[in-house]
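Colleague: Dropping the structure in here first, questions after.
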Amino acid sequence: MGCAASKTADSKADRLSRWSATGIVGLRDAKLKSFPDEVLELDRSVRTLDLTHNKLAAIPEEISKFVNMQRLILAENIVERLPGNVGKLQSLKLLNLDQNRVTFLPDELGQLVKLERLSISGNQLTKLPETIGSLRNLLLLNVSNNQLKFLPESIGSCYSLEELQANENSIEELPPSVCNLIHLKSLCLDHNKVKKIPPSLLKECKTLQNISLHNNPISMDQFQSMEGFQEFEARRKKKFDKKIDSNVMMGSKGLDEGVDL
């Protein structure tokens with residue numbers, strides 16, 4: 001009995017020592033039903049926390065201890081909400097909540113000013129907080145497979161945004177502020193209810209190379225009549241040609257022509 005207990009203790013000590021030394025806590029597929037208390041002991045040592053594919057339903061308030069954490073990956077759990085003090089994770093650059101049961105995001109999300117990648121696809125969101133506009137360093141936003149009917153006007157303040165994925169929602173139109181996203185390269189809105197997009201989008205978003213609008217009411221004629229379409233088409237073609245040049249042997253399915261309605 002004593003040997004078994006010692007082995008268990010050593011095992012925990014070894015894990016904590018390894019996690020503390022590397023800053024990486026990997027507990028994928030660990031069959032966890034609750035947040036592991038031993039991880040909370042590490043607080044400032046944690047840089048990456050990956051709890052993918054478990055059965056976690058709740059994230060404890062104590063997660064705010066991880067003030068140096070840069071990557072938080074909680075994909076494929078049954079999480080319903082984030083605690084409000086998630087905003088204290090001031091070092092966070094990546095937050096992945098794909099395939100959970102999240103119905104809303106707290107306003108404190110806007111305090112994650114260093115966040116570069118936010119992915120929350122496959123949840124039950126009906127709206128995004130207006131405070132999302134405070135994420136000025138955000139490069140990627142993936143809100144696909146939710147129940148969104150609109151994107152907030154404040155999204156136009158995510159000035160660094162390069163890729164916006166909002167496939168499979170119920171979005172009817174985009175807010176005019178998306179025209180402020182001058183670094184946007186890719187806009188994906190497949191399987192929505194989009195009837196129109198802001199008329200100056202192609203003119204103002206001069207780095208836009210890819211727009212995907214499969215299964216939406218908008219027509220190609222509407223799209224082609226927009227101001228700035230010719231310039232967009234030139235960028236799209238340049239990207240397409242570059243892919244061909246660098247991937248001569250690539251099959252046609254590997255190519256993205258940039259616009260598809």
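Colleague: With respect to Ser6, determine if the residue is hydroxyl-bearing (Ser, Thr, Tyr), surrounded by 14 or more Cβ atoms within 10 Å (Cβ to Cβ) and modelled with pLDDT under 95.
Modeller: For Ser6, the condition - hydroxyl-bearing (Ser, Thr, Tyr), surrounded by 14 or more Cβ atoms within 10 Å (Cβ to Cβ) and modelled with pLDDT under 95 - is not met.
Colleague: While we're here: Considering only residues that are surrounded by fewer than 21 Cβ atoms within 10 Å (Cβ to Cβ) and under 12 Å from Leu82 (Cβ atoms), which ones fall in the range 112-152?
Modeller: Leu125, Pro129, listed by residue number.
Every residue, every condition in (1) modelled with pLDDT of 95 or more; (2) under 20 Å from Phe150 (Cα atoms); (3) in a helix (DSSP H, G or I), yes or no:
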{"site": "Cys179", "(1), (2), (3)": "yes, yes, yes"}
{"site": "Lys206", "(1), (2), (3)": "no, no, no"}
{"site": "Met226", "(1), (2), (3)": "no, no, no"}
{"site": "Phe240", "(1), (2), (3)": "no, no, yes"}
{"site": "Asp245", "(1), (2), (3)": "no, no, yes"}
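Colleague: While we're looking at this one, here's another question. Using the structure shown, decide if Val79 is closer than 22 Å to Ser144 by Cα and either out of contact with any Gly (no Cβ under 7 Å at 6 or more places or on another chain) or not acidic (Asp, Glu) (or both).
Modeller: yes
Colleague: Shifting gears a bit: Which residues, taken from the range 210-231, are more than 20 Å from Asn192 (Cβ to Cβ) and in contact (Cβ under 8 Å) with a residue 24 or more places away in the chain?
Modeller: Glu227, Gly228, Phe229, Glu231 - these are the residues of the range 210-231 that are more than 20 Å from Asn192 (Cβ to Cβ) and in contact (Cβ under 8 Å) with a residue 24 or more places away in the chain.
Colleague: Please go through the range 109-129 and pick out each residue that is free of Cβ contacts under 8 Å to residues at least 24 places away in the same chain and polar (S, T, N, Q).
Modeller: Scanning the range 109-129 gives Gln124, Thr126.
Colleague: Being part of a loop (DSSP other than H, G, I, E, B), modelled with pLDDT under 95 and surrounded by fewer than 16 Cβ atoms within 10 Å (Cβ to Cβ), is that true of even one residue in the range 37-57?
Modeller: Yes, the range 37-57 contains at least one residue that is part of a loop (DSSP other than H, G, I, E, B), modelled with pLDDT under 95 and surrounded by fewer than 16 Cβ atoms within 10 Å (Cβ to Cβ).
Colleague: Could I ask something else about it? If Val79 satisfies all but one of (1) buried (at least 19 other Cβ atoms within 10 Å of the Cβ); (2) under 21 Å from Leu164 (Cβ atoms); (3) of a type in the set (A, V, I, L, M, F, W, C); (4) out of contact with any strand residue (DSSP E or B) (no Cβ under 9 Å at 6 or more places or on another chain), what's the number of the condition it fails?
Modeller: Only one criterion in (1) buried (at least 19 other Cβ atoms within 10 Å of the Cβ); (2) under 21 Å from Leu164 (Cβ atoms); (3) of a type in the set (A, V, I, L, M, F, W, C); (4) out of contact with any strand residue (DSSP E or B) (no Cβ under 9 Å at 6 or more places or on another chain) is unmet by Val79, namely (2).
Colleague: Now for a separate question. What pairs come out if I take residues in the range 81-105 that are touching a residue at least 12 places away in the same chain (Cβ under 8 Å) and pair them with residues that are outside any loop (DSSP other than H, G, I, E, B) and of a type in the set (Val, Ile, Thr) whose C-beta lies under 7 Å away, six or more apart or interchain?
Modeller: Pro83/Ile63; Val86/Ile63; Asn96/Ile73
The values are calculated or read from the model by the stated rules, or taken from the named source; none is laboratory data. The shown structure was predicted, so the numbers you read here are calculated from the model rather than taken from an experiment. For neighbour counting, all protein chains shown are included, and Cβ atoms are generated from backbone atoms with ideal geometry for every residue, glycine included.
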